[in-house]
Structures are given as C-alpha cells and as structure tokens.
C-alpha cells in the first residue's frame, strides 16, 4: 500500500462492508483544524475533546441492479453528521464512485452507487460522539464499498 493510501485511510473514519470504523486522525499537510462547533453547531472529532461516534448498527448496501448487470464494483465516500441520538443526518457525497470510471455508460451506472450509499448510511445507528461526556452532533467521513 502506498504512503498516500495509508495517509488517506488514516485521515478519515472509514467504514467498509463488515468492518469497524477507524479513528479519525489528521493527514500530513491537512488544512487547519475545524472549529468546534462550526457555524452550524456541528462538532468535529478532536482527540481528547470530541470523540468519534461508534457504529452500533450497520446494514449491507443494496447493490444497484444495473451495476450488478454490468459487473461493476465501486465505492463512495460520504461526509455525514451523526446527531446526538446516533442517527445519520446530512449525508453528502465527497468522492463519487463515478470518479474512477472513463466509459460514459460505466459512469452513468456507477452513479447509482452514490445514491445507494446515501440510502444505506441513513439506516446506520451510532453511539453518538461526546463532548465532556455529553452527546453532540459530529461530522465524520465514511466509505461504502460495493464488491461482488
């Protein structure tokens, strides 16, 4: 695995099918830390201050039929907010499965992974992130993989 891949994986909270989240850590050359809370009242994981939410319930993503038909695999990275009750809010794609495709038909089909990933993580449940032992809304990144 390249150094870049290791740094990328260590930067974000990564969820793959059947795996547990990795703790969030800053990447080499990362931007200045985000403020806690941000202007929307959302916190960001900060070692010793704000803990990362812990996954308590995950579901397998529904594999898009068209992607299965074309034997496509892929992954989508999302930025989500886990609320103080452990529910997922505000899921947004930050790296699309489309980005690794060159053929137009594959790109169109791969976009189905993004929609399926969002629908999947909305069903996840977490033990909320904590600030001074109180649950708070925390933004994290996760990755949903689609493998045949």
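Among the residues of the range 35-61, count how many are surrounded by 12 or more Cβ atoms within 10 Å (Cβ to Cβ) and under 20 Å from the mean Cα position of the chain (by Cα).
First, pick out the residues of the range 35-61 that are surrounded by 12 or more Cβ atoms within 10 Å (Cβ to Cβ): 36-38, 42-46, 49-55, 58-59, 61.
When the remaining residues are screened for being under 20 Å from the mean Cα position of the chain (by Cα), the result is 36-38, 42-46, 50-55, 58-59, 61.
Going through the range 35-61 one residue at a time, the tally reaches 17.
Go through the range 102-121 and give me each residue that's farther than 12 Å from residue 146 by Cβ and in contact with a strand residue (DSSP E or B) (Cβ under 8 Å, 6 or more places away or on another chain).
If the condition is that a residue be farther than 12 Å from residue 146 by Cβ and in contact with a strand residue (DSSP E or B) (Cβ under 8 Å, 6 or more places away or on another chain), then 118, 121 are the ones that fit.
Out of (1) farther than 13 Å from residue 76 by Cβ; (2) surrounded by fewer than 17 Cβ atoms within 10 Å (Cβ to Cβ), the odd one out for residue 136 is which?
Result: residue 136 passes all but (2).
Of the residues that make up the range 89-96, is at least one surrounded by 17 or more Cβ atoms within 10 Å (Cβ to Cβ) and more than 13 Å from the chain's Cα centre (by Cα)?
No, because not a single residue in the range 89-96 is surrounded by 17 or more Cβ atoms within 10 Å (Cβ to Cβ) and more than 13 Å from the chain's Cα centre (by Cα).
Values quoted throughout were computed directly from the atomic coordinates according to the rules given, and no laboratory measurement underlies them. As the structure is a prediction and not an experimental result, all values here were calculated from the model. Cβ atoms come from the backbone with ideal geometry, glycine included; neighbour counts cover every protein chain shown.
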